[in-house]
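What follows is a set of notes on a single structure, which appears directly below.
The values are calculated or read from the model by the stated rules, or taken from the named source; none is laboratory data. No experiment lies behind these values; they were computed from the predicted model shown. As a convention, Cβ positions derive from the backbone with ideal geometry for all residues, glycine included, and neighbour counts pool all protein chains shown.
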Amino acid sequence: MKLDKLKKQAKILVVDDEEDICYLTKSILRKNGYTNVRIANSVEKASELINQHEFEILFIDLSLGDGTGIDIVQYVENTYMNHPLMNIITGFCSIDDRNKLESLGIDSIITKPLTREKILNAI
């Protein structure tokens, strides 16, 4: 019970250039008790938030307007002392991308369309 409460207090960052995906993910998380959720629509905004907060859980789109989710993963790896739970959101993931993500320590790859179950299972 105590662990569940701590988990729900986790700082979460959702990064996707599609605002609807950000708000859908945030809404699903909030409806399930995760209240500390921030969103970013670009690598630049995500980097800014990562510098301001130490997130425990990240949901990152693989393809962003100003870069890739891999850019963010590498930035987090170089910035944080502790490894957060990192989830990649993607409509398509090539074998090369999947191999690269696995080598970077991604915890899960979530394919679109997103569902409540996919998001919550990643946590």
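Answer yes if at least one residue in region 5-12 is modelled with pLDDT of 95 or more and farther than 17 Å from D61 by Cβ, and no otherwise. Checked against the condition, which is being modelled with pLDDT of 95 or more and farther than 17 Å from D61 by Cβ, region 5-12 yields at least one hit.
Where residues in region 89-109 are among the hydrophobic types (A, V, I, L, M, F, W, C), closer than 20 Å to E77 by Cα and out of contact with any Asp or Glu (no Cβ under 6 Å at 6 or more places or on another chain), which of them is surrounded by the fewest Cβ atoms within 10 Å (Cβ to Cβ)?
Here is the first cut: in region 89-109, the residues among the hydrophobic types (A, V, I, L, M, F, W, C) are 89, 92-93, 95, 101, 104, 106, 109.
This time we only want the ones that are closer than 20 Å to E77 by Cα, so: 89, 101, 104, 106, 109.
This time we only want the ones that are out of contact with any Asp or Glu (no Cβ under 6 Å at 6 or more places or on another chain), so: 101, 104, 106, 109.
Details: L101: 22, L104: 15, I106: 20, I109: 17.
This residue is L104.
For region 110-119, taking the residues that are touching a residue at least 40 places away in the same chain (Cβ under 8 Å) and not in a loop (DSSP other than H, G, I, E, B), the one that is surrounded by the fewest Cβ atoms within 10 Å (Cβ to Cβ) is identified as R116.
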